[in-house]
Every structure is written in C-alpha cells, then in structure tokens.
Amino acid sequence: EHLQTQHMLIHPGARVQYTFPQLFFYKPNLWWPNGMGKQALYNVQISVEVKGYGKSDSWSHLFGFRKIESYIDNATGGRLFKVNGQPIFIRGGNWILSDGLLRLSKERYRTDIKFHADMNLNMIRCWAGGLAERPEFYHYCDIYGLLVWQEFWITGDVDGRGIPVSNPNGPLDHDLFMLCARDTVKLLRNHASLALWVGGNEQVPPKDLNDALKNDLKLHPYFESSGET
Amino acid sequence: AEIGKTKLDSGWLAARSTEIQLTGTQLTTTHPPTKSTAPWMEAAVPGTVLGTLVKNKVVPDPFYGLENETIVDIADSGREFYTFWFFTTFQCKLLGEQQLDLNFRAINYSGELYLNGHKKVLPKGMFRRHSLDVTDILHPDGQNLLAVLIHPPDHPGRIPPEGGQGGDHEIGKDVATQYVEGWDWMAPIRDRNTGIWDEVSISVTGPVKIIDPHLVSSFFDNYKRVYLHATTEFENRSKWVAECSLNIQVTTELEGDVCLV
C-alpha cells in the first residue's frame with residue numbers, strides 16, 4: 001500500500017503542480033522529540049518516468065509522521081507545545097551558527113546537535129541575526145529529535161529597537177525579503193524537526209512582511225480537520 | 001550522464017577581482033586560470049572570501065587573540081576589495097533529451113556567472129536558491145569552465161568605535177545575516193560573509209524535472225489512521241508532450257537490513 005503510480009501528460013514547456021492521492025498508513029511509527037520516544041523516519045521517494053525515454057528525475061527525503069501544535073497559554077502568556085497530542089515541556093538551547101566564517105560541515109552539525117540531545121534538550125532556537133539553518137542542520141535535528149524554532153532575518157537591535165534606532169521598516173527590499181522567506185520555507189518545510197517559524201528576534205517584522213509571512217504560513221484549511229475520529 | 005545530483009565542492013580557485021584584468025568570458029574560454037598562476041589560490045567552496053583567505057594564510061585566523069584587528073574591514077577597504085572571482089571546471093556530457101541544471105543553494109550577496117563564455121546573473125539575496133538551466137551552453141567535448149564573480153552585501157556598514165550590537169545597523173537594509181557587523185558575542189566579520197557559502201551542484205534530469213515536493217501528514221482516530229499527502233511541481237523542458245508515470249514509494253528500515261515497502 002505504500003507504492004503508488006499515477007499517469008499524467010505534461011505539455012512541452014509546461015510547469016504543473018500535482019498532488020498524489022493520499023497514501024494511507026495504519027498506526028505508522030510516529031516521530032517524537034528527544035526524550036519522548038523514537039525519531040521514526042520513513043524514506044519517501046518520488047520519481048518520474050517518461051514514455052519512450054525512461055527515468056527522468058527522482059527525489060527522496062526522510063520524513064517523520066508527527067503533529068506539532070503550539071499556542072499561547074492565556075494563564076501564563078507562554079507558548080505551549082504539543083507533539084502528537086502530548087504536551088511537551090520545552091527545554092531549549094539558543095543557536096546562532098556553527099562558525100562565524102560559515103565553515104559549515106555535516107560532521108560539525110552532527111556533533112553539535114547530538115551534544116544538545118545528550119544535554120537532554122528538545123528544542124533549538126535559531127536566532128534571527130544568524131542563518132536560516134541548512135538542510136544538514138535539520139537532518140540531524142530530525143535524527144536526534146531536536147525541535148527547531150527558526151526565526152527570519154529581523155532583529156530588534158538592527159530593525160527599529162536598537163541604539164541608534166535604525167531600519168524601523170526593516171530591509172529596503174520587502175519583495176526580496178519575501179522571495180527569500182518563501183524559498184527558505186520550500187527548502188526546509190519537509191523536516192520533521194521544524195516546529196515553529198518566528199518573524200524575528202525581539203521584534204515584530206514590519207506589518208506588510210508580518211502579514212505576508214502569517215498568510216503564507218497558515219495551516220491549509222484542508223488540514224484543519226485532521227485529528228478528528 | 002547519469003540522472004541525479006553531483007556536488008561541485010572541490011578544485012575551486014579564487015582571486016580578488018581587482019587583481020584580475022580578464023573578463024568572465026575570457027576566463028571561461030581562452031584564458032582559464034590554473035592554481036599556479038598568481039593571484040589565483042585554492043578556494044574553500046562552499047565558503048566565504050575570508051574563509052578562503054584564512055585557509056591560504058593570506059590573513060590570520062580572526063578568532064585568535066586580536067588578529068581580527070589586523071584584517072582590513074570592508075568599510076575601510078571598499079566592497080571591491082572583497083569582490084572575488086571563483087573558478088572551477090566540471091565534466092558533463094549529456095545524452096539525447098537530457099537537461100542540466102547548475103544549482104547554488106545560497107550565495108552572499110549577488111553575483112554573475114560565466115559558463116564556457118556565456119553570462120548569467122545571480123540576483124541579490126543571501127537566503128535564496130539559484131537553479132540555472134545550462135543545457136544549451138555546455139561544452140561539446142564535456143569539459144566545462146565555470147567562473148563566478150561574487151559581490152558583498154550592498155550595505156556592509158561601518159563598525160563604530162564603540163562596536164555594539166550590529167554595528168551601525170546598515171546591514172539590516174539587506175536580506176542577510178545581521179551578526180556580521182559584530183555583536184556582544186562576536187567580533188565583526190571583515191568581508192560580511194561574502195561568498196558561495198552553501199552547496200553548489202549540477203543535476204542531470206531527463207525531459208521532466210521534479211521541483212520542490214511538499215509532504216504533509218494528517219492524523220485521525222487517535223493517530224491510528226494516518227495519511228501522507230504529497231504535492232510537487234513537474235516541468236517538461238522538452239519540445240514534445242511527455243507521457244509520464246509518477247511514482248511515490250515510502251519505505252522504512254526495520255531492524256537490521258529488512259525494509260518494509
């Protein structure tokens with residue numbers, strides 16, 4: 001039941017979006033954060049073959065079945081998280097980046113992230129003044145069960161709350177900011193560890209950017225119903 | 001050529017743009033550089049200009065002692081001082097309807113590339129991917145010459161004498177990392193991380209290419225009934241209608257080498 005083939009015609013030069021019929025799983029192994037269970041990952045492979053040609057392209061990704069919810073708790077004003085319906089007490093660490101000169105490596109990511117898991121943490125917060133972290137960072141967070149809070153590139157100090165006050169309207173090119181944000185979401189959105197996108201550090205992004213981010217990142221209505229019996 | 005992705009992460013050279021009189025077209029046709037021709041040096045790609053200069057000991061490692069003070073800041077040197085050429089070659093011979101994309105997962109901050117004498121632009125922005133269809137400009141004999149000119153952020157800013165969080169905040173005008181002007185925990189990065197800072201690859205596909213699949217799971221009956229939803233884009237880059245079979249397969253590794261399909 002986990003292998004499916006569909007047929008489609010694509011016209012010359014066309015770029016089409018296609019959704020496979022949903023694949024059913026009975027009680028799959030769920031992905032859990034560090035300390036709550038195993039980080040079960042499934043290898044999803046998508047490939048396309050063209051008649052008269054053969055295999056044209058393929059793609060694969062390690063995917064974790066998990067449902068992450070978070071909301072502001074009115075009593076405390078804090079953000080509460082649930083994973084697969086279970087409340088989780090967040091023990092998080094701040095992350096800026098591996099190396100100031102961006103000498104990034106899988107080995108360094110694996111070591112740093114396993115270190116966080118060994119310290120019994122279950123979340124890493126990627127600070128807005130650093131990077132949108134790389135797929136290798138997220139891969140090891142998937143493996144070791146570190147949820148990721150990923151901020152976009154707005155910080156209080158530089159964007160409107162620093163000394164001197166500067167850039168109250170954020171970067172000059174808002175279209176470029178949104179283009180980068182959308183491309184970053186497409187790069188990272190399939191990782192089980194990605195738990196929360198955050199507009200910036202100690203600062204709300206300029207209204208047009210914040211509204212656009214909220215609009216682009218809201219849960220698709222189709223999935224609102226998920227979880228009912 | 002085999003279908004799939006190949007990383008271009010070795011054999012890169014770099015040189016300061018102000019020390020190279022040749023054009024990108026000349027570098028990738030009649031005058032390709034070699035490691036032994038100064039001022040070209042071995043480059044760290046993925047990596048930044050400063051990372052390459054440190055690797056070649058042209059400047060000291062900024063993280064030791066006060067060495068960072070001996071490295072000229074971009075505010076004093078000007079942006080062209082940290083505008084660098086990166087050069088490499090790669091072998092690729094396509095068959096029939098095969099297509100080739102040249103992919104930059106991230107550069108900082110903007111650039112132009114020349115492949116076998118043909119120019120393409122890498123637009124501004126530190127957090128965006130670039131994927132260029134270079135099928136038509138590959139070299140017939142399969143040996144391809146690639147030169148990339150990378151420019152620093154538009155607003156590198158100047159570090160005030162008192163330092164401070166994010167220097168004079170000018171970097172915030174660009175879409176780039178903001179710590180590079182220095183913070184309470186970090187000295188200023190002299191080149192503001194200019195460079196090809198993430199993965200470079202070439203990917204060979206047939207006439208139809210898969211683009212950015214999106215995987216979503218939905219849960220019912222207390223996580224017993226679960227669905228996997230997969231949406232992706234396909235692009236047919238051939239000149240005829242493509243009759244496609246689309247496959248999705250999900251496997252998980254059980255104990256040892258046993259796989260459940």
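Every number here is computed from the coordinates shown, using simple stated rules; none is lab data. Everything numeric in this text was worked out from a predicted model, so none of it was measured. Note that we place each Cβ from the backbone using ideal geometry, even for glycine, and neighbour counts take in every protein chain shown.
Could you work out how much longer the chain between B:E67 and B:E243 gets when fully extended? Use 0.36 nm per residue separation minus the Cα distance between them, nm to one decimal.
Extra length from B:E67 to B:E243 when fully extended: 57.2 nm.
Using the crude model of +1 on Lys and Arg Cβ and -1 on Asp and Glu Cβ, and no other charge, please compute the dipole size for segment B:168-217 relative to its Cα centre, in debye to 20.
260 debye
Using only atoms on other chains, find how many Cβ atoms lie within 10 Å of each Cβ of peptide A:36-48 and report the average.
Average neighbour count from other chains, rounded to a whole number: 5.
Please compute the contact order of chain A in relative form: average sequence separation of alpha-carbon pairs under 8 Å and at least six residues apart, divided by the residue count, as a percent.
On the way: 334 pairs, mean separation 34.6, N = 229.
Answer for chain A is 15 percent.
Going by how many other beta carbons lie within 10 Å of each one, how would you line up A:Y138, A:Y26, fewest first?
By the 10 Å Cβ count, ascending: A:Y26, A:Y138.
Over all residues in A:185-194, what is the mean tally of Cβ atoms on other chains that come within 10 Å of each residue's Cβ?
3
Please report B:H151, B:H31 as a ranked list, fewest other C-beta atoms within 10 angstrom at the top and most at the bottom.
B:H31, B:H151
Relative to the present Cα-Cα distance, how much length would full extension add between A:L172 and A:Q22 at 0.36 nm per residue of separation? Walk me through the intermediate numbers first.
Details: separation 150, 0.36 × 150 = 54.00 nm, distance 4.18 nm.
Computed gain between A:L172 and A:Q22 is 49.8 nm.
Only helical DSSP H runs with n ≥ 4 go in: add -39500 (n - 2.57) per run for the protein assembly as shown, normalise by residue count and round the 222 nm mean residue ellipticity to 500 deg cm²/dmol.
-3500 deg cm²/dmol
Give me the distance between the Cα centres of segment B:4-51 and segment A:41-56, rounded to whole Å.
Taking the Cα centre of segment A:41-56 as reference, the centre of segment B:4-51 is 35 Å away.
I need to check one value: relative contact order of chain B, counting alpha carbon pairs closer than 8 Å and at least 6 residues apart, in percent.
Result for chain B is 22 percent.
What does the structure give for A:61-71 when I average, per residue, the other chain Cβ atoms found within 10 Å of the residue Cβ?
3
How far is the Cα center of segment B:80-113 from the Cα center of segment B:201-253, in Å?
Centre-to-centre distance over Cα atoms comes out at 26 Å.
Return the FRET efficiency for the residue pair B:Q91, A:K207: r is the Cβ-Cβ distance, R0 is 60 Å, and the value is rounded to the nearest 0.05.
Between B:Q91 and A:K207 the formula returns 0.75.
Cβ neighbours within 10 Å, averaged per peptide: list A:44-57, A:12-25 in order, most packed at the top. Intermediate results must be reported in sequence, preceding the final value.
Values: A:44-57: 18.1, A:12-25: 14.4.
Put in order of decreasing packing, that is A:44-57, A:12-25.
Within chain A, which whole H helices from DSSP have a Cα span along their axis of at least 20 Å and a mean Kyte-Doolittle hydropathy of -0.5 or more, if any?
Within chain A the helices that satisfy the rule are A:174-188.
Where q = 0.17, 0.18 Å⁻¹, what log10 of I(q)/I(0) comes from the Debye formula for chain A, counting one point per Cα?
Here the Debye-derived log intensity ratios amount to -1.41, -1.49.
For a paramagnetic label modelled at 7 Å from the Cα of B:R225 toward its Cβ, which residues of segment A:21-63 fall within the zone defined by backbone nitrogen distances under 18 Å?
Flagged as within label range: A:21-29.
By per-residue mean of other Cβ atoms within 10 Å, what is the highest-first order of A:210-222, A:30-42, A:86-98, B:171-183?
Output ranking for A:210-222, A:30-42, A:86-98, B:171-183: B:171-183, A:30-42, A:86-98, A:210-222.
For A:S105 and A:K82, compute 0.36 nm times the residue count separating them, minus their Cα-Cα distance, and round to one decimal in nm.
Between A:S105 and A:K82, full extension yields an extra 5.1 nm.
Connecting C-alpha atoms closer than 10 Å in a GNM of chain B, tell me which of B:F86, B:F127, B:F234 has the biggest fluctuation.
Most flexible of the set in this elastic network: B:F234.
Using Cα-Cα distances under 8 Å and only pairs 6 or more residues apart, what relative contact order does segment B:1-63 have, in percent?
Relative CO of segment B:1-63 lands at 33 percent.
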